[in-house]
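Notes follow the structure.
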Amino acid sequence: MASRETAFVEITPEVLLKAYACGIFPMAENADDPALYWIEPDNRGIIPLETFHIPSRLARTVRSDRFQIETNRDFEGVLDGCADSQPGRTRTWINARIRVLYQKLYGIGHCHSIEAYENGELVGGLYGVCLGRAFFGESMFHTARDASKVALVHLVARLRAGGFTLLDTQFVTDHLRTFGAVEVSRRQYHKLLEAALVGEASFAALRQPMTGAEALRQAQAPAA
């Protein structure tokens, strides 16, 4: 379900956080469209943190420390990467208003990025919104094979260590299914969201940077 703005009403970071708390998130039709759509899917994508799956080939890449993984080092760079076209994705939903909104959320500590570097160059990453014990994944990108996947493993390690209970992926793709992503009904999602909004979690619970072996242990640690 989507509703389109008919007027350019100012959307503040506070309004955006309230929307997330209600299970709604914004998207644009494309980068050139100044309007926003408010989206609330009938079926929501999530990755259950307790059953996060790491394919064996990817685990070897994570353990090799081929990529240096950082947190919140270059949020703007991650936004740029997510907004760029990629093979299989010629259009992007990140317009100028989206960029400003998430930059403001980052400025007040409710948005975070995970970046993958190779030889000092940013080659992949992801960003999302934190609220309570929920993390709402927004977008990811890569210019080197597996870079965004490794960033996702490090993200899950941080979420599990920090006490998060919900990883929202908005939708489920074949790519995300390999990590254990599933669809839940809107009603079920709202129950999970309501529980996740109670209490606080810490995105900074793990030291930075951590090795791939450490990330793997934490991302797949038995539930407490």
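Data overview
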| read-out | value |
| --- | --- |
| Within segment 120-199, helices (runs of 4 or more DSSP H) holding 3 or more residues that are among the small types (Gly, Ala, Ser) | 147-162 |
| Subset of segment 151-180 [more than 16 Å from Ala215 (Cα to Cα) and either polar (S, T, N, Q) or surrounded by fewer than 18 Cβ atoms within 10 Å (Cβ to Cβ) (or both)] | Thr165, Thr169, Gln170, Phe171, Thr173, Asp174, His175, Arg177, Thr178, Gly180 |
| Criterion (of a type in the set (S, T, N, Q), surrounded by 14 or more Cβ atoms within 10 Å (Cβ to Cβ) and touching a strand residue (DSSP E or B) at 6+ places or on another chain (Cβ under 7 Å)) met by exactly one of Ser185, Ser148 | Ser148 |
| Residues (more than 12 Å from Gly162 (Cβ to Cβ), open to solvent by 40 Å² or more (accessible area, probe 1.4 Å) and in contact (Cβ under 8 Å) with a residue 60 or more places away in the chain) located in segment 196-216 | Leu197, Val198, Gln208, Pro209, Thr211 |
| Filtered residue count, segment 90-113, keeping only those that are at pLDDT 90 or above, exposed (fewer than 13 other Cβ atoms within 10 Å of the Cβ) and part of a loop (DSSP other than H, G, I, E, B) | 2 |
| Looking only at segment 61-83, and only at residues there that are assigned to a helix (DSSP H, G or I) and of a type in the set (D, E, K, R), the one that is least open to solvent (accessible area, probe 1.4 Å) | Asp80 |
| Extreme residue, nearest to Glu70 (Cα to Cα), among residues of segment 126-179 that are of a type in the set (Ser, Thr, Tyr) and touching a helix residue (DSSP H, G or I) at 6+ places or on another chain (Cβ under 8 Å) | Tyr127 |
| Segment 50-73 residues that are under 24 Å from Tyr127 (Cβ atoms), paired with ones that are among the polar types (S, T, N, Q) and part of a strand (DSSP E or B) (beta carbon under 6 Å, 6 or more apart) | Asn72/Ser113 |
| Single residue of segment 44-68 satisfying the filter (of a type in the set (Val, Ile, Thr) and over 15 Å from the mean Cα position of the chain (by Cα)) that is farthest from Ala144 (Cα to Cα) | Thr51 |
| Boolean, Leu58 is modelled with pLDDT of 95 or more and either within 30 Å of Lys191 (Cβ to Cβ) or open to solvent by 20 Å² or more (accessible area, probe 1.4 Å) (or both) | no |
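The values are calculated or read from the model by the stated rules, or taken from the named source; none is laboratory data. This one's a predicted model, so the numbers in the text were calculated from it and none came from an experiment. All Cβ positions, even for glycine, are placed from backbone atoms using ideal geometry, and neighbour counts span all protein chains on display. These area figures cover heavy atoms from the full protein model, side chains too; ligands, DNA and RNA do not enter into them. Shrake-Rupley method; radii C 1.70, N 1.55, O 1.52, S 1.80 Å.
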